[in-house]
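The structure appears below as C-alpha cells.
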Amino acid sequence: MSNMLGRKLQMALYSGTDCLYSHACRIVVYEKEVECQIIYTDDDDDCEELAEVNPYNETPTLIDRDLVVYDPFLINEYLDERLPHPPLMPVDPVSRARLRIMIMRVNRDWYRALKLFDHETKGDVAKKLVRDGLISISPTLTEQPFMMGEDFSLVDVFLAPLLWRLPVYGIKLPKQAEVVNEYASRLFNRDAFKSALSENEREMKYL
C-alpha cells in the first residue's frame, strides 16, 4: 500500500476535475461538512494509489478508513447513511424508491446523453434530449423549490452538475422553462455547491 493509504486517512475522495459524477459526490461531501481530503486525478493520469484500491481505476472513489466505495450512486447513498445530517434521502421506503427512480432517469436520459456531445452525428440529438427533458420537469418546479419537494435531496445533487454545464454544451432553455433556470440558481447559491467546484468547473461559468 502507498504511504498515503498506509496513514489510514479517515476519509478521502478521488475525484475527476470536471467529471459530472465526481462533482455530485463532492457536493455531498460539502453538504455533510465532513472532513474529507479531495484528491484530484483525471482518467489520463497515472494514479498508482487509485489503482491500488479501485480495480476499475476510475473516479469517483471514496475511501473511509478500511472501506472503499467506487460508484457515484453508492458513494452518495453511503455518505448519507454514514453522516445522517443533513439528510439527503427521505426516511420512508416509497419516497426513497421514487428518489432512486428519478436519479436513475437523470443518469440514463441526461448524463449518458452528455457523453454524445462530441459525436459528429449524435451531438444535436443529445442536446435536444437534455433540453426537452429539462423542459419536461419545469411544471414540477413551479410547485416546489426542489425536485422531490421542499427539501434538498440527492436528486438535486445529481442535477446541479448537469445544469452548471449547460453553457458548455450550448444548451439554452426557452422562456417556458425559466423556472428551471431559477431552480439552478438556487442550487448554485448553496455554500456546498460553491465549495465543491474544482478550478476547471469554476471556469465553466465564464464560457
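The values are calculated or read from the model by the stated rules, or taken from the named source; none is laboratory data. Because the structure is a prediction, the values reported are computed rather than measured. Because the Cβ atoms are built from the backbone with ideal geometry, glycine has one as well, and the counts that use them run over all protein chains shown.
For this structure, a couple of remarks:
- Residues in the range 46-72 that are acidic (Asp, Glu) and surrounded by 13 or more Cβ atoms within 10 Å (Cβ to Cβ): 49, 52, 58, 64, 71.
- The range 130-147 residues that are within 18 Å of residue 172 (Cα to Cα), paired with ones that are among the aromatic types (Phe, Trp, Tyr) and crowded, with 16+ Cβ neighbours inside 10 Å (beta carbon under 6 Å, 6 or more apart): 130/110; 133/110; 141/183
- Some residue of the range 107-119 being more than 21 Å from residue 17 (Cα to Cα), buried (at least 16 other Cβ atoms within 10 Å of the Cβ) and outside the structural domain of residue 20 (by TED's automatic domain parsing): no
- Listed by position, the strands (runs of 3 or more DSSP E) inside the range 32-138 whose residues that are aromatic (Phe, Trp, Tyr) number at least 1 are 37-40.
- All told, residue 95 falls short of being buried (at least 21 other Cβ atoms within 10 Å of the Cβ), under 29 Å from residue 134 (Cβ atoms) and either modelled with pLDDT of 95 or more or of a type outside the set (Gly, Ala, Ser) (or both).
- Residue within the range 168-183 that is basic (Lys, Arg), surrounded by 11 or more Cβ atoms within 10 Å (Cβ to Cβ) and either part of a helix (DSSP H, G or I) or within 17 Å of the chain's Cα centre (by Cα) (or both) present: no
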